[in-house]
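K.L.:
Could you have a look at this structure, given as structure tokens, before my questions?
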Amino acid sequence: MENTLYHFTDDCGSFRSDNAYKFNSLYLPLCNEALASAITPDLHGDIKTGQDSFLMPPATRIDLSEEKYSRNFWVHINKNKIWSASGVSKDIKQIRADKFTLEAGLLWQRVERSNNSVGLRSEILSFVPVGKDAVELMQVELTNISRQRVSFTPYAAIPLYARGAGSLRDHRHVSSLLTRVKIDKSGVLVKPTLLFDESGHKPNKTSYFVLGWDQAGCSPRYIYPTLESFCGDSGDLEAPETVLENKIPCRGSVQGKEPMAALRFADVTLAPGKSVTYIIVMGIKEGSPDLAALKKRFASFSKVQFSFEETKKYWISQSKKITLDTPESDFNNWFSWVNIQPVLRRIFGCSFLPDFDYGKGGRGWRDLWQDSLSLILNDPGPIRQTLVDNFCGVKIDGSNATIICKECSKSNRFIADRNNLSRVWMDHGVWPLLTLDLYINETGDTGILFEKAAYFRNHEINRAQGIDRLWNSACGNQLKTVSGKVYRGSVFEHLLVENLVQFFNVGSHNHVRLEGADWNDGLDMAAQNGESVAFSAMYAHNLELLAQLLLRTGRKDVLLAREIRILLNATGFSAPAAKQKLLKRYFSKACFAISGEQASVSVTVLARNLKAKSLWMKEHIRKTEWLKEGFFNGYYDNRKKRLEGKTRGITRMTLTSQVFAILSGVATQKQSAEILNSVRKYLLDSRAGGIRLNTDFGAEQRDLGRAFSFAYGEKENGAVFSHMVVMFAYALYKKSFTESAWRILDSLYKMASHTKTSKVYPCLPEYFDLDGRGMYAYLTGSASWFVLTLLTEAFGIKGEDGDLVIEPKLSAEQFERSSKISIQRVFAGRRICVNFFNPRRLAFGKYKLTKVILNSQLLPVPQAARAVFTREVVLNLPKSKPNTLDIHLG
């Protein structure tokens with residue numbers, strides 16, 4: 001492993017880099033619950049609160065190297081000596097003379113540049129303070145590093161955008177005509193008159209502002225409120241005429257122009273070794289900002305430092321809810337970044353960082369549930385109501401709303417699709433049950449199954465196969481009864497609908513229809529006849545899990561909407577046409593409104609029904625889709641042709657098909673072993689050490705999806721896709737292929753940390769391309785699955801109906817450098833440090849638990865490789881201090 005980009009400087013994930021400026025695609029996220037920013041080593045990036053409110057222009061990966069819009073701070077010494085303290089200037093010779101150092105952590109950045117010819121050193125600290133203020137802070141400290149006094153004029157220069165991302169190209173100029181600028185003594189405020197939208201313009205209520213003070217709390221001497229007034233006719237932010245000529249602003253019109261926040265402070269003379277500090281506050285506010293309050297909170301060095309320490313403390317506490325202590329300190333630090341990635345995705349959604357092209361903001365349905373896995377493991381208490389609320393996105397046809405809006409209110413946060421396309425992802429019904437099962441195991445709270453939730457409703461009916469022409473937004477987005485009342489069913493009922501519908505929603509091979517796509521969004525061109533065997537296996541798994549959950553509640557019967565009883569019919573276990581006919585019958589009864597009547601159904605009868613359906617699906621897959629090559633076929637295309645296997649001398653194989661066959665229990669132990677061998681043979685990249693998503697099919701698959709039109713090794717076509725690789729490890733742990741599972745998890749860490757090729761800061765990126773470069777940093781569902789797999793499977797620390805279970809599946813390799821490894825987590829509100837001792841470095845399967853010590857008390861040794869602590873025992877542990885659990889393996 002060759003980490004040439006950074007090195008960690010503490011045990012809290014902080015790191016230092018002397019060459020980050022060489023990588024123009026590097027960036028860090030900066031955020032709180034109100035604001036989301038991205039920042040590069042030279043302060044490129046953007047600042048926003050949502051899709052319709054960007055303070056700086058939206059920045060993509062390619063913009064980071066080509067876009068001139070950056071946070072900048074200029075120093076004018078004389079006409080021949082002008083310096084950009086952030087390193088963004090046309091004077092390449094000057095920039096190349098800079099000595100650069102970056103320090104960063106959770107979530108902050110400090111960049112130092114020193115230039116002997118200029119005689120100055122700059123330290124620029126950037127962070128978004130924890131709290132409710134939607135502001136980013138930039139603290140600039142300039143120090144005289146020469147032996148002579150240095151006099152200069154300082155300028156902060158923040159180019160503004162102040163509008164929605166949709167106006168970036170098509171309406172850039174016309175939307176600038178809406179700009180209204182107000183010059184305050186401390187900076188610039190911009191409040192456009194309208195939100196520009198050709199489908200319906202709306203009054204704008206959002207204000208954008210940049211304020212600045214020097215270390216004495218003094219405001220700027222001059223303010224340049226437009227791009228034109230600062231840059232001149234050249235419009236060049238890398239060589240602004242104002243700075244080059246040290247000009248004071250001229251009077252002129254400032255409204256209806258591209259806004260700018262350039263702040264010229266009073267001239268300064270520094271003696272050798274002396275410093276001066278400036279504070280820049282950049283923010284967005286619904287309504288008018290309280291400028292006096294902002295100045296009171298931030299307009300001094302000490303106040304910024306206090307806020308900075310509070311912010312660091314907050315993010316470190318978030319990352320350390322699960323803490324590793326292994327001999328590999330770099331891995332421990334790297335994991336601290338992975339552990340906050342689900343929190344970042346809750347704030348940023350899927351598309352509010354430069355690396356992302358997932359649309360217009362917000363999270364998708366799948367993200368909502370998978371990100372919750374890690375949040376549950378960190379602290380399940382606060383997430384209970386969120387989980388219940390999430391079920392309000394389920395539709396009565398078993399599909400769901402697909403976008404969760406960051407900017408929508410809590411009561412109206414679901415929409416069908418930002419692009420107004422009628423489509424359904426067939427895998428969406430799988431994830432809510434997996435997440436809720438984890439929650440119930442962690443808490444023992446089966447009562448959540450019977451909480452009430454509404455159903456989502458919009459113009460799309462029958463899994464987007466039909467349109468209700470009479471529906472409009474005035475009808476509301478909740479399913480109603482025929483009498484006009486909002487219908488609310490139990491969470492269990494929602495889960496039942498999602499999974500039962502899919503038993504009947506089949507294609508010609510009697511597997512669940514692919515529809516718009518499954519987990520692999522790139523399989524999006526087989527909506528008519530495509531089938532997903534991979535997720536048919538997971539729906540079979542879920543039907544069995546639902547039956548088990550139901551029996552664990554201890555109830556004798558459950559109430560279900562009368563219409564749902566249609567789906568309990570045993571008709572069509574082997575005939576696709578019969579299944580499709582029954583599904584149409586159900587849709588005809590439930591698509592517009594439902595009766596509101598509920599029927600009592602026996603738990604025993606219902607569980608038996610679900611198990612029978614599950615068993616039939618599993619046996620059908622085993623019988624029809626196991627290939628002689630030693631793995632499962634996972635798909636049928638739009639011509640009803642099987643995707644995988646050997647065709648014309650080329651072996652076609654996808655990792656997804658194998659992961660879900662194993663995870664669902666469809667694959668037997670023997671088949672799982674064969675699959676593992678096949679993965680090593682066909683999908684393992686011997687050069688990078690990663691497992692690819694699929695083999696190179698050598699041709700486009702236009703009857704299946706866009707994925708195979710991507711270059712091989714990129715994204716959904718053969719990249720090392722972290723999410724599916726982690727899930728493969730998880731599935732292997734479930735089958736006790738422990739050594740292989742650990743190597744697979746470890747391979748992702750090694751690829752990410754081999755920065756000579758990965759070129760990323762510490763994180764688990766979405767995927768690695770053919771060259772091993774990490775792509776789409778921070779915002780990926782693989783982070784939650786990595787935390788879940790490492791904690792509950794590798795370390796084996798997990799809940800089971802609310803009890804704490806210790807069932808380690810640690811490999812001998814994990815004890816190579818030390819006979820002791822530790823992990824801390826919170827369970828039932830108690831912090832528990834679990835120390836594993838393996839003095840003989842035994843492999844899984846060779847050891848059992850030989851000694852168990854809880855808070856210095858020796859406990860009876862279980863006659864197995866697992867120990868169970870009842871919830872009552874855990875709740876009796878001290879809450880005010882960490883508890884120690886020593887597990888000896890022998």
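The values are calculated or read from the model by the stated rules, or taken from the named source; none is laboratory data. All figures in this text were calculated on a predicted structure; none of them were measured in a lab. So basically every Cβ, Gly included, is an ideal-geometry build from the backbone, and we count neighbours across all protein chains shown. Please note that ligands, DNA and RNA were not included when accessible areas were found on the heavy atoms of the full protein model with its side chains. Shrake-Rupley method; radii C 1.70, N 1.55, O 1.52, S 1.80 Å.
K.L.:
If you count, for each residue, the other Cβ atoms within 10 Å and average over each peptide, how do 321-328, 680-687, 158-165 line up from highest to lowest?
P.N.:
158-165, 321-328, 680-687
K.L.:
Also: Report, to one decimal in Å, the Kirkwood hydrodynamic radius for the range 262-344 based on all distinct Cα pairs.
P.N.:
16.8 Å
K.L.:
How much mean residue ellipticity at 222 nm does the chain get from its helices, if each DSSP H run of length 4 or more adds -39500 (n - 2.57) and you divide by all residues, to the nearest 500 deg cm²/dmol?
P.N.:
-8500 deg cm²/dmol
K.L.:
Right, another one. How far, in degrees from 0 to 90, does helix 722-734 lean away from the longest principal axis of the Cα atoms of the chain, to the nearest 10?
P.N.:
Value to nearest ten degrees: 40.
K.L.:
Hey, another quick one. Mean shadow of the range 201-321, computed from the convex hull of its alpha carbons, in nm²?
P.N.:
Over all viewing directions, the range 201-321 projects a mean Cα-hull area of 12.0 nm².
K.L.:
List the extent of the Cα atoms of the range 173-229 along each of their three principal axes, largest first, rounded to whole Å.
P.N.:
That gives 48, 23, 12 Å along the principal axes, largest extent first.
K.L.:
How big is the C-alpha Rg of the range 1-90 next to the rule-of-thumb value 2.2 N^0.38 Å, as a ratio?
P.N.:
1.27
K.L.:
Counting only Cα, what are the radius of gyration and maximum Cα-Cα distance Dmax of the range 793-848, in Å?
P.N.:
12.1, 35
K.L.:
Based on a Kirkwood Rh over C-alpha pairs, give the Stokes-Einstein translational diffusion coefficient of the range 679-777 at 4 °C and viscosity 1.567 mPa s in µm²/s.
P.N.:
Estimated via Stokes-Einstein, D reaches 94 µm²/s.
K.L.:
With a cut-off of at most 14 other beta carbons within 10 Å, and DSSP calling the residue loop, which trypsin sites (Lys or Arg not before Pro) in the range 78-126 qualify? Please list them.
P.N.:
Counting only loop positions with at most 14 other Cβ atoms within 10 Å, the trypsin sites (Lys or Arg not before Pro) in the range 78-126 are 79.
K.L.:
For the range 137-151 and the range 763-777, what is the separation of their Cα centres, given in Å?
P.N.:
Measuring centre to centre over Cα atoms gives 38 Å.
K.L.:
Moving on. Which loop-located trypsin sites (Lys or Arg not before Pro) does the range 803-839 contain, where loop means any DSSP state but H, G, I, E or B and the Cβ has at most 13 other Cβ atoms within 10 Å?
P.N.:
Sites meeting the loop and neighbour criteria: 817.
K.L.:
Suppose R0 equals 22 Å. What FRET efficiency, 1/(1 + (r/R0)^6) with r the Cβ-Cβ distance, do residue 528 and residue 584 give to the nearest 0.05?
P.N.:
Working from the Cβ atoms, E equals 0.85.
K.L.:
I would also like to ask the following. Cα extents of the range 287-326 along the three principal axes, largest first, in whole Å?
P.N.:
Computed over the range 287-326, the largest-to-smallest principal extents equal 48, 26, 7 Å.
K.L.:
Based only on Cα atoms, what mean projected area does the convex hull of the range 320-399 have, in nm²?
P.N.:
With the hull built on Cα positions only, its mean projection is 7.0 nm².
K.L.:
For helix 669-682, report the angle its Cα long axis makes with the longest principal axis of the Cα atoms of the chain; keep it between 0 and 90° and round to the nearest 10°.
P.N.:
Orientation of helix 669-682: about 40 degrees from the principal axis.
K.L.:
Taking 0.36 nm per residue of sequence separation and subtracting the Cα-Cα distance, how much length would be gained by fully extending the chain between residue 193 and residue 686, in nm to one decimal?
P.N.:
In short, 171.7 nm is gained.
K.L.:
Ordered by residue, what ³J(HN,Hα) values in Hz, to whole numbers, does the range 36-43 give under the Karplus form 6.51 cos²θ - 1.76 cosθ + 1.60, where θ = phi - 60° and Gly and Pro are x?
P.N.:
Per-residue couplings from phi come out as 10, 10, 10, 9, 9, x, 9, 6 Hz.
K.L.:
Over the chain, average the accessible area per residue using a 1.4 Å probe and give it in Å², no decimals.
P.N.:
Per-residue value: 38 Å².
K.L.:
Moving on. Note down, for the range 135-203, the three equivalent ellipsoid semi-axes (square root of 5 times each alpha carbon gyration tensor eigenvalue), biggest first, whole angstrom.
P.N.:
Result for the range 135-203: semi-axes of 38, 13, 10 Å.
K.L.:
For the chain, what % of the accessible area comes from carbon and sulfur atoms, probe 1.4 Å?
P.N.:
49 percent
K.L.:
Tell me, in nm to one decimal, what length is gained between residue 835 and residue 861 on full extension, where the rule is 0.36 nm per residue of separation less the Cα-Cα distance?
P.N.:
Additional length available on full extension: 7.8 nm.
K.L.:
Ok, one more. In nanometres, what is the gap between the two model label sites at residue 639 and residue 385, each 7 Å from Cα along Cα-to-Cβ?
P.N.:
5.5 nm
K.L.:
Using a 7 Å offset from the Cα along the Cα-to-Cβ direction at both residue 234 and residue 250, what is the distance between the two label points in nm, to one decimal?
P.N.:
1.6 nm
K.L.:
For the range 491-629, what does the equivalent ellipsoid look like in terms of its semi-axes, each the square root of 5 times an eigenvalue of the Cα gyration tensor, given largest first in whole Å?
P.N.:
Semi-axis lengths for the range 491-629 are 26, 18, 13 Å.
K.L.:
To the nearest whole percent, what portion of all C-alpha pairs in the range 496-558 is separated by more than 17 angstrom?
P.N.:
Percentage above 17 Å: 46.
K.L.:
While we're here: What is the set of long-range amide H partners of residue 515 at a cut-off below 5 Å, with H atoms built 1.01 Å from backbone N?
P.N.:
Result for residue 515 returns 530.
K.L.:
Translational D (Stokes-Einstein, µm²/s) of the range 303-359 at 10 °C and 1.306 mPa s when Rh comes from the Kirkwood sum over C-alpha pairs?
P.N.:
Calculated translational D: 121 µm²/s.
K.L.:
Here's something else I'd like to know. Rg and Dmax in Å for the chain, alpha carbons only: what are they?
P.N.:
Reported Rg and Dmax, both Å: 29.1, 91.
K.L.:
Then there's this: Please report, in debye to the nearest 20, how large the charge dipole of the chain is about its Cα centre when each Lys and Arg carries +1 at its beta carbon and each Asp and Glu carries -1 there.
P.N.:
The calculated dipole for the chain is roughly 1100 debye.
K.L.:
Given a cut-off of 18 Å, what percent of all Cα-Cα pairs of the range 610-671 lie beyond it?
P.N.:
In whole percent, the long-distance tail amounts to 36.
K.L.:
So for the pair residue 488, residue 99, with labels modelled 7 Å out along Cα→Cβ, what separation do we get in nm?
P.N.:
The two pseudo-label positions are separated by 6.6 nm.
K.L.:
For residue 605 and residue 712, what is the calculated FRET efficiency with R₀ set at 51 Å and r taken between the beta-carbons, to the nearest 0.05?
P.N.:
0.50
K.L.:
Quickly rank 548-561, 426-439 as a protection proxy: mean count of other C-beta atoms within 10 Å, highest first.
P.N.:
426-439, 548-561
K.L.:
Report the Rg/Rh value for the range 681-722, based on alpha-carbon coordinates and the Kirkwood definition of Rh.
P.N.:
0.98
K.L.:
Next question. Once you've got the Cα coordinates, tell me which of 22/90; 809/848; 579/613; 132/881 are over 22 Å apart.
P.N.:
Exceeds cut-off: 132/881.
K.L.:
Largest first and in whole Å, what are the equivalent-ellipsoid semi-axes of the range 207-267 based on the Cα gyration tensor, each being the root of 5 times an eigenvalue?
P.N.:
Semi-axis lengths for the range 207-267 are 19, 15, 10 Å.
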